[in-house]
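Below is one structure, written out as structure tokens, with a few remarks after it.
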Amino acid sequence: MNMVQEAVVAQGISKLYNSVVALDSVSFTVRSGEVYVFIGPNGAGKSTLFNIIAGIMKPSSGSIKVLGGNPFDPSTRLKTSYLPATPPLYPWLTVMENVDFYASLYGFNKKTIRQEAKGLLEKLGVQELATKLSSKLSTGQMKLASIVLALAVEAELLILDEPTTALDPGMRRSVLDLLREKVLNRATILMATHLVDEAEGLANRVAIIDRGKLIADGGVEELKKLYAPPAVLVIKPSLEQVEKSSTVLKLRWENVYSYDGEVRVHTDDPDEDLPKAILILAEKGIRVLSISVVKPTLEDVFLKLTGRRLKE
Ligand SMILES: Nc1ncnc2c1ncn2[C@@H]1O[C@H](COP(=O)(O)OP(=O)(O)OP(=O)(O)O)[C@@H](O)[C@H]1O
Ligand SMILES: [Mg+2]
């Protein structure tokens, strides 16, 4: 296989939908053989970017190279596989008929792809989906079928837009295992997700995208070193006192964030700050249900960079 060093090189990619700036001068490089994961909230521009990389849509400006070529070239498309966020299944065809249809559409060998798809369905423990009409599948089953569709093709570059959304935790793990297998077989994976633990478990490098801008990219640990504190205090007050706790703690610490009934305090010195936080809250008559010191996640990186949380 004639492999290029860089699987994707994007320079200054912008995309406007009328007056909406979906992407604002996005530049990044995905090296061959790595898993490069985009994380960003709803509307950040991930799917727009993936459509451009997959050669479905043209950018308004900027340049993009995929596997050394133009994403619109049929020869490039033959080496890539794209899983869009919405399952691209024809409802009046069964799952296996969809597989056949894609094989003939792109000129792939039908028999090979069929065999591959069958193997994938078996690995996922959902062989029975093969003969089911796509319109009769549940949301999660549709996702699984479209994953099988995307992975059945032998591709150098997999472009996966939220591959595990709608899957139950067990299925999510199985799909991530399949992706790891692909990496071992030297495929490059470009993926978008909202789940920071998924990104942390799989990515060689992570790009953080928000409001059309790529605001940081690098290795997971590298990003944490740059943008996250050594530790985070996670404080759970009673639900009605979350806001008050956050207000009180903000008087003492700079980076305090509250959501999901918790307050996260970024700290450089957890040994000193933990008892201090307990004391400060007690003085204000706030009842703390639990308090713990945890390692920062990519969510903390995102909080630090944007002041907002990843999942709204
Ligand atoms: N076809 C379209 N026409 C007009 N605006 C669009 C279109 N597609 C996307 N947008 C807008 O572009 C911005 C980026 O959308 P995009 O779908 O790329 O985000 P995303 O990061 O994939 O979000 P999500 O996490 O919800 O999937 C949003 O403001 C969205 O409303
Ligand atoms: Mg999207």
Rounded to the angstrom and largest first, Cα extents along the principal axes for the chain equal 71, 43, 38
Inter-part gap, Cα centre of segment 41-91 to Cα centre of segment 107-126, in whole angstrom, is 23
With the label point 7 Å along the Cα-to-beta-carbon line of ILE56 and a cut-off under 17 Å to each amide N, the hits in segment 140-163 are 142-153, 157-163
Stokes-Einstein, Kirkwood over Cα pairs, segment 229-295, 10 °C, 1.306 mPa s; D in µm²/s equals 139
Once ASP100 and SER25 are pulled to full extension, the length gained, defined as 0.36 nm per residue separation minus their Cα-Cα distance, is 23.2 nm
At q = 0.17, 0.21, 0.31, 0.34 Å⁻¹, the log10 of I(q)/I(0) for segment 62-105 from a Debye sum over equal Cα scatterers comes to -0.62, -0.81, -1.10, -1.17
Note: probe point = Cα of ASP197 + 7 Å toward Cβ; backbone nitrogen < 19 Å; residues of segment 154-173 passing the test are 162-173
Contour minus Cα-Cα span, THR112 to LEU289, at 0.36 nm per residue, comes to 58.0 nm
Restricting to Cα pairs under 8 Å and 6 or more apart, the percent relative contact order of segment 6-224 works out to 29
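May I ask you to derive the FRET efficiency for VAL4 and LEU184 from their Cβ-Cβ distance with R0 = 25 Å, giving the value to the nearest 0.05?
Working: r = 20 Å, r/R0 = 0.79.
So, using R0 = 25 Å, E works out to roughly 0.80.
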With the label point 7 Å along the Cα-to-beta-carbon line of GLU254 and a cut-off under 19 Å to each amide N, the hits in segment 275-289 are 277
Helix 169-184: inclination vs the chain longest Cα principal axis, degrees, rounded to 10, gives 60
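Quantify how much of the Cα-Cα distance distribution of segment 61-169 extends past 18 Å, in percent.
Working: 2899 of 5886 pairs.
That tail contains 49 percent of the Cα-Cα pairs.
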When VAL256, VAL26 are ranked with the fewest other C-beta atoms within 10 Å first, the list becomes VAL256, VAL26
Volume per residue (Å³) of the convex hull spanned by the alpha carbons of segment 8-125 is 147
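All of the numbers you see were taken from the coordinates with simple rules; none came from a lab. Predicted model only: the values in this text are computed from it and were never measured. Positions of Cβ are backbone-derived with ideal geometry, glycine not excepted, and every protein chain shown enters the neighbour counts.
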